[in-house]
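The values are calculated or read from the model by the stated rules, or taken from the named source; none is laboratory data. Model, not experiment: these values are computed from the prediction. Positions of Cβ are backbone-derived with ideal geometry, glycine not excepted, and every protein chain shown enters the neighbour counts.
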Amino acid sequence: MSPLLSAALRFTVAALVLVGLRATRYQSNEISLTRRNKYALFVIATIGVTIQNFSIFFAMKYTQAVNASVVMANMPLAGILLSALLLKTPISRFNIAGALVSIVGVLLVITGGNILSLSFNSGDLLMVVALTSGCLYTILSKRWTPNIPIGQQLRWMMCLGALQMLIIAAVKGTFSMASLC
């Protein structure tokens, strides 16, 4: 089974569980979604579920697990920086110092300790795409859908992400009954 199909099925199971929970429990805090809400949820799911997962899968063809792990370990840092840029969240001197240490650490790992020979392989760059899309998922949710209860958001994101990945798996030819067995 391909990693793409595996992720698509994982998100499908999560989505089905969330839909099942919703069907069996009354959710008094849920809202009726507008067309704008649905569009925002679709874009956020595309960025935070589909693009992030594909970036990780394709990155792992070209980079080492250590490099990928170090890049993804910087998600809090990237979140702080993107929040400052997009949400105008203030950054303290402590945050800036931590960011610099983190960036230097990532560069040391990626360059094998020789920062002057800075070069990235395509896998490392795809991991940065995955990192960025993961952070954007959170930031865009705060900005575009703050009125939607988190459980409702999560259910929509899982359903939309699963659907997108299943469609892509089918188009790529990795989805078949034989691959499920």
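Key figures
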| item | result |
| --- | --- |
| Filtered residue count, region 127-162, keeping only those that are in contact (Cβ under 8 Å) with a residue 40 or more places away in the chain and either closer than 21 Å to PHE57 by Cβ or among the β-branched types (Val, Ile, Thr) (or both) | 21 |
| Considering residues of region 65-100 that are loosely packed, with under 15 Cβ neighbours inside 10 Å and not in a helix (DSSP H, G or I) only, the residue modelled with the lowest pLDDT | ALA73 |
| Count of residues meeting criterion [of a type in the set (Val, Ile, Thr) and within 17 Å of the chain's Cα centre (by Cα)] in region 143-176 | 3 |
| Which numbered condition LEU126 fails, given (1) modelled with pLDDT under 85; (2) touching a helix residue (DSSP H, G or I) at 6+ places or on another chain (Cβ under 9 Å) | (1) |
| Number of the condition not met by ASN147 [criteria: (1) at pLDDT 80 or above; (2) outside any helix (DSSP H, G or I); (3) surrounded by 14 or more Cβ atoms within 10 Å (Cβ to Cβ)] | (3) |
| Subset of region 1-40 [closer than 30 Å to ALA59 by Cα and part of a loop (DSSP other than H, G, I, E, B)] | MET1, SER2 |
